[in-house]
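Student: Below are the structure tokens for one structure; questions will follow.
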Amino acid sequence: MCQVEEEYSGPLEKTSLPTVSKKCMKCKESTAVLIIRVGDAFCRDCFREYFVHKFRAMLGKNRVIFPGEKVLLAVSGGPASSSMLTQVQEGLSRDAPKKLRFAPGIIYIDEGGACDQNAEEREKTLSQMEAIFRKTGFPYHIVSLEQVFSLPNSVLEPVSCGPERPGSSYKAAVDQYLQQKEVNQRQGQLATEEAQDAVAHLSVQASQVSPEHKQALEKLFSSLKTLTARQDMLQTLRQHLILHTARLNGYSKVMMGDSCTRLAIRLLSNISLGRGASLAVDTGFSDPRYGDVVIVRPMRDYSSKEIAFYNRLFGVRSLFISGLGTKTSDKASIQQLTESFVIKLQADFPSTVSTIYRTSEKLHTACPPQTSGAVAADKCLLCLCAVCNKADAASASHASLISERLSRGELGMEAKIDPASCCPSGTLDPFSCQREGQGCGEGGSCTAGRAPAPADLKSLLCYSCRLTVKDMAAEDTLPPYITSEAEKRWNRAQLKEEVREFLLEDEDEEVG
Amino acid sequence: MASYAVGLVFRGGAELLFDGVKDHHVTLPSQSEPWDMKQLLVWIRGNLLKERPELFVQGDSVRPGILVLINDADWELMGELEYQLQDQDNVVFISTLHGG
């Protein structure tokens, strides 16, 4: 009865189907062409209407994108992001009075360097993507993954959030925008707008990939031992590149094309990876962790099936680009395993993905509110998620740090290594270690200018980023912006430790 | 029974298992009973699939995550594996999986 391959839904529901064609459940006239969700059959036109409406409703419901705002669309070439691109084009071209404008740009990241693609394949893919982008008329930025090696440190610096824009001001902003447009039209300023548009259409090309960067990237990815770590690192680097490009070009929002299915898979695999604390921002509609740039996910209500059907029926061009996980077995990485689990379960229980999705909507982070001017030490260096270090003496991550120290025989050095989570009232006196530290071997941070010990980086990371870095054979293969920012924060933390005794007690920070 | 010609299209990464060829026009050998989807899958596995069959078929059916469209309509509406093929049918396999 409970066999994996048994088709439950087949014989039970569709005894009469081969002979009688099902009618669309919406218009009840045309023949249905697809079934979405559990049993809803749609005809072609109703499906198109449903699909387009969902996109606009998603943006309208979550009023985060203001008119006139610059929005960066992260397009990977895959079906979901290509579909998103089409929806944006369609939405902006309508002249409905309620349709608002935002100024889109496109970013495409060439990840061929991490996925072992040869130069020819990369060229071919790039030219195909460029052709697609040119047709849209939006400014596009093509960035290669190798450019992480020329990113500035500022990418990782936490930026405080922009001023809050409550719902009421949204309406006011819309009205103001429409009024301004009217005024402009009357004053014949259309010409300037067109000129501005023309300038915006200039594409921004990535510079040629330098061979040193290419080699450095290869070294980085080959030093990561597991596919799980590689996929995680790729995701992190990708986010940093997108963030940097957005900041550089004045984009305040980034749209990612994550579908419902992808987000459900990401939710479960993030839990397995140890990213449970940031589930809400990783899978929610908007991700405000970067402060000035907000990431939104307008495709999060669409299942992969809906997207694939829409693309096929309405001719949306998308490319398949081999990634890290292509043609690997089900168990090659945590992400692959979760994907295979969710998809297989979905085949027999069609409400799996939507249940996970609905659960993710209810998640909220329960971190204590950050003090204004969020301290850098409170954010993970790589993923910039909030790390609640204050009450962490009994947490799993603290325990794993301690046991790592113990296994390396660095008993006396505990207090110094992780100043952020060191409990002030603990038995370890930081200053006694400092004094003894003069004669200590590795792990000693007493001497300024010494290269930071490996543990150094891990103490600045959240639990899951720490696991990823632990998988690295050599930490110095990380791009320079990460290592130098790590050093800066480490030195700052050390300095803070040294003067802590002399600081006036700050009630908010010191109470453990 | 005359043999019939069927168009097969592979997208979304599924083409990687067929030497990268996305569009195939095949003529199925004639047999006394009409071809159904189940037999077509067996035939594809035996004649077209170049590598890693477990990434395309699972048991009798396609691997979960691979969508099948028959003449641009969801195969769930046509009876899935029981659907009987007709001449000049067009079957599209779209992989929605990350790993092709």
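The values are calculated or read from the model by the stated rules, or taken from the named source; none is laboratory data. Note that the structure is a prediction, hence the values are computed from the model and not measured. We place every Cβ from the backbone using ideal geometry, glycine too, and count neighbours over all the protein chains shown. The area values use the complete protein model at the heavy-atom level, side chains included, leaving out ligands, DNA and RNA. Shrake-Rupley method; radii C 1.70, N 1.55, O 1.52, S 1.80 Å.
Student: When you scan region B:82-100, how many residues do you find that are more than 7 Å from chain A (Cβ to nearest Cβ), open to solvent by less than 20 Å² (accessible area, probe 1.4 Å) and either closer than 20 Å to A:ALA41 by Cβ or not hydroxyl-bearing (Ser, Thr, Tyr) (or both)?
Tutor: Looking only at that region, the number is 4.
Student: Moving on to the next point. What helices (runs of 4 or more DSSP H), lying completely within region A:286-368, carry at least 3 residues that are within 14 Å of chain B (Cβ to nearest Cβ)?
Tutor: Per the criteria, A:304-313, A:334-348.
Student: Right, here's the next one. Which of (1) modelled with pLDDT under 90; (2) within 14 Å of another protein chain (Cβ to nearest Cβ); (3) buried (at least 21 other Cβ atoms within 10 Å of the Cβ) does A:THR283 not meet, given it meets every other one?
Tutor: (2)
Student: Take the residues in region B:31-78 that are without any contact (Cβ under 8 Å) to a residue 12 or more places away in the chain and within 8 Å of chain A (Cβ to nearest Cβ); name whichever of them is surrounded by the most Cβ atoms within 10 Å (Cβ to Cβ).
Tutor: Of everything passing the filter in region B:31-78, B:GLU76 is surrounded by the most Cβ atoms within 10 Å (Cβ to Cβ).
Student: Give region A:267-280 a look and list any residue that's open to solvent by 10 Å² or more (accessible area, probe 1.4 Å) and farther than 14 Å from A:LEU363 by Cα, or say none.
Tutor: Those that are open to solvent by 10 Å² or more (accessible area, probe 1.4 Å) and farther than 14 Å from A:LEU363 by Cα: A:SER272, A:LEU273, A:GLY274.
Student: Condition first: closer than 22 Å to A:GLY105 by Cβ, open to solvent by 10 Å² or more (accessible area, probe 1.4 Å) and not in a loop (DSSP other than H, G, I, E, B). Can you find one or more residues in region A:226-233 that meet it?
Tutor: Among the residues of region A:226-233, not one is closer than 22 Å to A:GLY105 by Cβ, open to solvent by 10 Å² or more (accessible area, probe 1.4 Å) and not in a loop (DSSP other than H, G, I, E, B), which makes the answer no.
Student: Give me a count of the residues in region A:91-112 that are surrounded by fewer than 23 Cβ atoms within 10 Å (Cβ to Cβ) and either within 24 Å of A:ALA172 (Cβ to Cβ) or at pLDDT below 85 (or both).
Tutor: 13
Student: Let me ask something else. So the check is Cβ under 6 Å with 6+ separation or different chains; which pairs have a first residue in region B:3-20 that's on the phi < 0 side of the Ramachandran plot and open to solvent by 10 Å² or more (accessible area, probe 1.4 Å) and a second one that's outside any strand (DSSP E or B) and not aromatic (Phe, Trp, Tyr)?
Tutor: Once the first residue is on the phi < 0 side of the Ramachandran plot and open to solvent by 10 Å² or more (accessible area, probe 1.4 Å) and sits in region B:3-20, its partners that are outside any strand (DSSP E or B) and not aromatic (Phe, Trp, Tyr) give B:SER3/B:PRO29; B:SER3/B:SER30; B:TYR4/B:ASP87; B:GLU15/B:LYS22; B:LEU16/B:GLY100.
Student: So for region A:329-338 (the condition being open to solvent by 30 Å² or more (accessible area, probe 1.4 Å), modelled with pLDDT under 85, within 17 Å of the chain's Cα centre (by Cα) and not small (Gly, Ala, Ser)), does at least one residue qualify?
Tutor: Within region A:329-338, not a single residue is open to solvent by 30 Å² or more (accessible area, probe 1.4 Å), modelled with pLDDT under 85, within 17 Å of the chain's Cα centre (by Cα) and not small (Gly, Ala, Ser).
Student: Name the single residue, out of those in region A:116-163 being farther than 27 Å from A:PHE221 by Cβ and without any contact (Cβ under 8 Å) to a residue 24 or more places away in the chain, that is most open to solvent (accessible area, probe 1.4 Å).
Tutor: The qualifying residue most open to solvent (accessible area, probe 1.4 Å) is A:LYS135.
Student: What's the total number of residues in region B:14-40 that are touching a helix residue (DSSP H, G or I) at 6+ places or on another chain (Cβ under 9 Å) and of a type in the set (Gly, Ala, Ser)?
Tutor: 1
Student: Yes or no: A:ALA377 modelled with pLDDT under 60, outside any loop (DSSP other than H, G, I, E, B) and under 33 Å from the mean Cα position of the chain (by Cα)?
Tutor: Judged against the criteria, A:ALA377 is a match.
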